[in-house]
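Data block below; observations after.
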There are 2 protein chains.
Amino acid sequence: MSADIVPLRPRTAEPSLAPLLALTASGMNAVNAIILDRMQSEIPLIPALAGHLIAGGGKRMRPMLTVAGAELCEYHGSRHHLLAASVEFIHTATLLHDDVVDGSDMRRGRDTANIVFGNPATVLVGDFLFTRAFELMVEDGSLKVLKILSKASSVIAEGEVDQLTAARRIETSEEHYLQIIGAKTAALFAAATRIAAVVAERPEADELALDAYGRNLGVAFQLVDDAIDYDSESLEMGKGKGDDFREGKMTLPVILAYARGNAEERQFWQDAIAGFRNSDDDLAEAVRLIAKYDTVSATRDRARHFAQRAIDAIAGFPAGPARSAMAEAAEFAVSRRF
Amino acid sequence: MSADIVPLRPRTAEPSLAPLLALTASGMNAVNAIILDRMQSEIPLIPALAGHLIAGGGKRMRPMLTVAGAELCEYHGSRHHLLAASVEFIHTATLLHDDVVDGSDMRRGRDTANIVFGNPATVLVGDFLFTRAFELMVEDGSLKVLKILSKASSVIAEGEVDQLTAARRIETSEEHYLQIIGAKTAALFAAATRIAAVVAERPEADELALDAYGRNLGVAFQLVDDAIDYDSESLEMGKGKGDDFREGKMTLPVILAYARGNAEERQFWQDAIAGFRNSDDDLAEAVRLIAKYDTVSATRDRARHFAQRAIDAIAGFPAGPARSAMAEAAEFAVSRRF
């Protein structure tokens with residue numbers, strides 16, 4: 001691989017996902033058809049519940065990364081469509097279980113499945129999608145892909161448990177937080193992108209480059225997700241919801257506001273994260289302190305670092321629409337407001 | 001295979017699991033070591049929660065079937081130990097999720113994990129064990145085994161959803177009930193036994209024979225489990241707990257008592273299964289009606305049929321300690337009181 005450096009350059013227009021969407025449109029049509037076909041079951045509750053979440057939209061970032069990675073590797077087959085659907089099933093299963101675990105009531109602007117169908121059905125249909133994901137991988141038949149995705153799945157589960165353990169613990173450090181999001185979010189981004197190089201039978205260096213792209217992009221995405229939840233502009237738009245605050249999640253905007261705060265402010269955070277202050281007024285105070293120390297911006301700055309690493313990770317691939325679209329997706333990850 | 005028929009013969013002593021335990025003792029030591037080793041994680045809550053259930057005992061029937069099947073196939077390697085551990089992890093994951101779904105509070109004589117650690121952690125550690133099961137299969141590297149176990153896992157998940165949908169529906173038929181237990185219980189028994197023939201590289205007819213043994217044994221086990229929950233003798237011993245009654249599960253003792261009952265008794269069942277009659281007195285009435293129509297015995301009779309099919313399925317294997325122990329395990333499945 002050559003050592004081209006593709007810097008985050010100043011733009012007049014905001015970075016957008018549009019090039020990635022255009023690059024992957026035809027592949028994603030195939031992937032979406034597989035998703036719809038393979039979520040079926042003779043037990044009607046399964047497609048009803050799975051479809052509630054899947055039809056609810058979502059960016060489908062992870063399967064899109066598999067498709068984009070295949071474009072970058074100039075792969076012309078169709079094996080990756082099945083695998084991209086498998087990746088989305090893993091993701092969907094974790095969303096269903098997350099919503100049960102967090103007791104969430106809204107996702108993608110709709111009532112969550114646990115609200116509509118109840119926790120028991122949501123847990124079990126999550127399990128079904130997870131097993132179906134493995135069936136798709138086995139159908140493809142690559143042990144290498146199976147190893148990458150089964151490892152990623154177990155890392156995600158560990159990350160979810162780690163996050164649960166860290167909730168309501170004010171002492172959670174930035175390092176620990178990065179470990180958590182590296183596991184619960186970035187591992188699947190990394191695996192989704194990496195398997196494109198595997199099906200394209202590229203050398204291991206290319207696999208590792210795609211893995212690094214996906215991993216760093218995943219960290220950037222999660223950082224910005226966590227920033228949006230406290231961003232006053234997003235809150236006004238009804239995008240940030242203060243869910244993380246009420247659940248006592250230690251995300252980076254809070255970790256930094258706590259670290260930078262004075263004694264009185266630290267006491268506020270201790271009480272809030274412990275769950276003793278969770279009114280609308282308390283959320284407003286949290287947003288005020290986060291604005292005071294500019295930790296939404298600081299979180300976006302951290303995201304920019306990881307996005308740049310993602311872009312540099314694929315600098316060795318030939319310049320072209322795939323590499324450009326993937327680079328702009330990383331810039332979009334940093335700048336997005338939703 | 002020859003066509004020996006090994007009938008359920010009258011015995012002076014009660015059939016016992018002891019021969020199966022003796023046959024598999026050394027193999028199960030190896031399996032248990034793998035289970036303990038592979039449930040570890042850097043996230044302390046994972047081994048704590050998983051260990052709570054795993055250390056709580058249980059018969060470990062499913063991995064024992066893999067080990068026994070390997071003996072029957074005269075397999076002298078050790079690949080099946082890892083796979084047997086994987087099977088037990090799948091089973092453990094489903095138990096954790098079952099207890100969350102049913103809101104159970106006791107299993108194996110101890111508080112359930114969801115009571116001790118809460119539903120969120122129990123869901124997520126179940127997910128972890130499930131992913132770890134797949135990692136073990138991938139480590140073994142047989143796509144044939146992966147196909148059998150991933151298919152079984154998805155059938156289990158479908159069966160669990162099917163059971164959830166059927167709960168509190170008095171119209172559930174014996175046929176539908178057999179479908180449910182075939183999926184939620186017997187599929188893993190079948191897969192666990194079948195993979196022994198795969199690692200032993202036996203012809204497909206032997207695989208199918210072991211599959212049939214495991215599947216029929218699993219149906220027999222589940223039928224007797226469901227009978228025990230209404231058996232007045234078991235209830236006196238504190239083994240039957242009436243959980244199925246309170247959860248409105250349509251198990252065979254109820255299906256048959258409803259079918260055989262008069263109009264007044266049918267009304268009772270309709271009300272009870274719908275959830276309007278679930279006091280201790282109502283449970284006593286349910287047990288009385290089940291005794292009146294002898295449907296615990298009828299359920300055991302059904303189990304005897306499936307146990308005999310299990311025994312006949314392996315009649316083509318050479319006579320010896322493995323085949324005898326597996327046959328007696330099937331007789332035990334029918335006669336057991338716990």
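Read-outs throughout are calculated quantities, based only on the coordinates presented, and are distinct from any laboratory measurement. It should be emphasised that the depicted structure is a prediction, and the values quoted were computed from it without experimental measurement. Every residue, glycine among them, receives a Cβ derived from its backbone with ideal geometry; neighbour counts consider all protein chains shown.
A few remarks follow.
- Shape category assigned to region A:43-119 from the gyration tensor of Cα positions, a/c cut at 1.5: prolate
- Distance between modelled label sites at B:ALA13 and A:SER16, nm, 7 Å Cα→Cβ extension: 8.0
- With both labels modelled 7 Å from their Cα along Cα-to-Cβ, the A:GLU42 to B:ARG169 distance reads 1.3 nm.
- Set of region B:45-79 residues, backbone N closer than 14 Å to the point 7 Å along the Cα-Cβ line of B:ASN29: none
- Directionally averaged projected area (convex hull, Cα atoms, the protein assembly as shown), nm²: 31.7
- Taking the helices alone, chain B has a mean residue ellipticity at 222 nm of -23000 deg cm²/dmol, built from -39,500 (n - 2.57) per DSSP H run of at least 4 residues and averaged over all its residues.
- B:GLY248 sits among other residues whose Cβ lies under 12 Å from its own Cβ, and their net charge, with Lys and Arg +1 and Asp and Glu -1, is -1.
- Cβ-derived FRET efficiency at R0 45 Å, B:ALA205 paired with A:ASP105, nearest 0.05: 0.25
- Note on A:GLU139/A:LYS241: beta-carbon distance plugged into 1/(1 + (r/R0)^6) with R0 of 25 Å gives a FRET efficiency of 0.05.
- When chain A is treated as a Gaussian network with alpha carbon springs shorter than 10 Å, the biggest mean-square fluctuation among A:VAL138, A:VAL67, A:VAL224 belongs to A:VAL138.
- Residue pairs, from the table A:LYS249/B:LYS184; B:LYS147/B:LYS249; A:LYS59/B:LYS144; A:LYS184/B:LYS241; A:LYS147/B:LYS151, whose Cα atoms sit over 28 Å apart: A:LYS249/B:LYS184; B:LYS147/B:LYS249; A:LYS59/B:LYS144; A:LYS184/B:LYS241
- Region A:166-228, relative contact order in percent, only Cα pairs under 8 angstrom and at least six apart counted: 38
- Residue (of A:ASN114, A:VAL224, A:LEU252) at the positive-pole extreme of region A:18-335, dipole from beta-carbon charges: A:VAL224
- Inter-probe distance in nm under a simple model that places probes 7 Å from Cα toward Cβ, at A:ALA55 and A:SER279: 4.2
- Take every pair of alpha-carbon atoms less than 8 Å apart whose residues are at least six positions apart; their mean separation over the length of region A:19-91 yields a relative contact order of 44 percent.
- Estimated FRET transfer efficiency (A:ASN262, A:PHE338; beta-carbon r; R0 35 Å; 0.05): 0.60
- Long-range Cα-Cα pairs in chain B (distance over 27 Å), rounded percent: 45
- Listed residues A:VAL161, A:VAL219, A:VAL254, most fluctuating in chain A (Gaussian network, C-alpha, under 10 Å): A:VAL161
- Length-normalised contact order of region B:18-335 in % [C-alpha pairs under 8 Å, at least 6 apart]: 19
- With a 10 Å cut-off around each Cβ of B:157-169, the average count of Cβ atoms from other chains is 6.
- Farthest toward the positive end of the dipole of chain B, out of B:ALA212, B:CYS73, B:SER86, is the Cα of B:CYS73, where the dipole comes from beta carbon charges about the Cα centre.
- For chain B, modelled as a GNM whose springs connect Cα atoms under 10 angstrom apart, the maximal fluctuation among B:ALA183, B:ALA55, B:ALA310 occurs at B:ALA55.
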